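Reading through the structure tokens given below for one structure.
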Amino acid sequence: MNTKIIREKISQLTDETSGKTLHTEGAIRHIGIDAEKNLVILIIAINKTGGEAEKKLRREIAQIIKLDLGFNGVKIQFEEKRKIDSITNRKVRFIIISSGKGGVGKSTIAVNLAYALTKLNQKTAIIDADIYGSSVPRIMEMKPEYPKATSNKKIIPLNQYGIEIISTEFFTEPGKPVVWRGPMLHQMLESFFYQVEWNQNLDFMIIDAPPGTGDVTLDLRNIVPTAETMIVTTPHLAASHVAIKAGIAARQLKQKVIGVIENMSYFLNPVNGEKEYLFGQGGGEVVAAQLDCELLAQIPLQQPKKHLSLYEPEEENGQKFLELATYIMLYQN
């Protein structure tokens with residue numbers, strides 16, 4: 001008995017989650033035979049794992065292997081095809097931009113970091129995972145638009161300034177809030193990773209996470225376990241206190257904390273040229289010290305010259321983001 005006969009026998013079985021045969025789907029990824037134990041070892045990629053469809057397919061395969069072909073048993077590892085073919089299975093750096101609370105400028109940091117990476121010739125995309133408070137499209141000065149789909153029903157991300165972007169803003173009516181429970185959040189987040197036709201050559205995926213440590217934070221850990229995290233805070237000690245919790249949560253989820261970014265650090269008074277600390281001082285240093293990592297940047301309050309919230313390289317803040325992007329490119333996880 002050889003693997004060719006096994007393949008021929010099971011290839012016409014149907015994956016009921018897709019309605020197609022294993023042959024049509026190219027689902028049979030590996031066939032092995034343990035001659036000593038007279039076992040067949042299979043790796044099969046199906047449309048969706050779990051549930052009755054998988055159980056039925058497992059029974060049908062076992063019947064062929066044991067009853068028709070005479071083996072003692074079969075070991076089957078089912079993998080989810082959409083995960084295998086998704087961006088999560090590529091050599092991409094996933095950087096989660098996290099904060100303990102809202103209002104610290106986390107999304108602005110995420111977008112400007114992505115923009116700076118593109119200026120350094122890095123192919124970069126953004127997932128706006130702050131589903132209840134998505135703001136990336138507005139920061140990127142994008143008009144409301146529904147994404148198109150490929151022939152195989154994958155979502156085509158929108159593109160702005162050379163950055164691929166996906167956000168719940170693209171799927172909801174303008175001005176309408178997202179009022180969803182946990183399972184719907186989970187489904188939307190999974191679709192961002194598994195159902196989007198991302199550039200095959202991406203270098204970085206920046207993930208704008210929601211503030212706090214709720215369902216989305218846990219989902220991100222399961223979907224992209226290799227993701228690294230950057231913590232955003234303001235100088236105010238109340239904000240830094242909560243940011244520390246976000247960093248500790250990231251560590252508990254086995255995510256590498258690259259460092260801390262202190263946003264709104266000061267305002268440079270145009271009259272006298274002195275720094276004015278409108279939100280206090282020391283928050284970034286406190287967070288970095290508590291998390292035992294680097295304070296990577298202190299971003300002052302500054303209105304961009306050409307955009308709503310994006311800084312060009314020739315601007316002071318633009319230069320800071322270029323330095324931050326360069327650090328991340330050289331950073332070894």
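The values are calculated or read from the model by the stated rules, or taken from the named source; none is laboratory data. Treat the numbers as computed from the prediction; the structure is a model and nothing was measured. Virtual Cβ from ideal backbone geometry, glycine too; neighbours counted across all protein chains shown.
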Among the listed residues Gln63, Gln77, which satisfies the condition of being part of a strand (DSSP E or B) and either out of contact with any strand residue (DSSP E or B) (no Cβ under 8 Å at 6 or more places or on another chain) or surrounded by fewer than 16 Cβ atoms within 10 Å (Cβ to Cβ) (or both)?
Gln77
Residue check: is Gln303 among the polar types (S, T, N, Q) and either modelled with pLDDT under 95 or under 20 Å from Pro211 (Cα atoms) (or both)?
yes
Looking only at the stretch 17-38, how many residues end up being buried (at least 16 other Cβ atoms within 10 Å of the Cβ) and at pLDDT 90 or above?
4
Which of the residues belonging to the stretch 264-285 are without any contact (Cβ under 8 Å) to a residue 24 or more places away in the chain and within 33 Å of the chain's Cα centre (by Cα)?
Glu285
Is it true that some residue in the stretch 41-50 is exposed (fewer than 13 other Cβ atoms within 10 Å of the Cβ) and either hydroxyl-bearing (Ser, Thr, Tyr) or over 30 Å from Ile206 (Cβ atoms) (or both)?
yes
Quick check on my filter: what residues within the stretch 207-262 are crowded, with 16+ Cβ neighbours inside 10 Å and either outside the structural domain of Ala288 (by TED's automatic domain parsing) or among the small types (Gly, Ala, Ser) (or both)?
Ala209, Gly212, Ala227, Ala239, Ser240, Ala243, Ala246, Gly247, Ala249, Ala250, Gly259
What single numbered condition from (1) under 23 Å from Asp85 (Cβ atoms); (2) buried (at least 16 other Cβ atoms within 10 Å of the Cβ); (3) touching a strand residue (DSSP E or B) at 6+ places or on another chain (Cβ under 7 Å) fails to hold for Gln12?
(2)
From Lys4, Lys20, Lys48, Lys83, residue being out of contact with any Gly (no Cβ under 9 Å at 6 or more places or on another chain) and touching a residue at least 40 places away in the same chain (Cβ under 8 Å)
Lys83
Can we say Ile109 is at pLDDT 95 or above, assigned to a strand (DSSP E or B) and either in contact with a helix residue (DSSP H, G or I) (Cβ under 9 Å, 6 or more places away or on another chain) or surrounded by 16 or more Cβ atoms within 10 Å (Cβ to Cβ) (or both)?
no
Specify which of the listed residues (Gln290, Gln298) is surrounded by 13 or more Cβ atoms within 10 Å (Cβ to Cβ), part of a helix (DSSP H, G or I) and either assigned by TED's automatic domain parsing to the domain that holds Ala325 or charged (D, E, K, R) (or both).
Gln290
Taking the condition surrounded by 12 or more Cβ atoms within 10 Å (Cβ to Cβ), of a type outside the set (S, T, N, Q), in contact (Cβ under 8 Å) with a residue 60 or more places away in the chain and within 27 Å of Thr226 (Cα to Cα), does Leu310 pass?
no
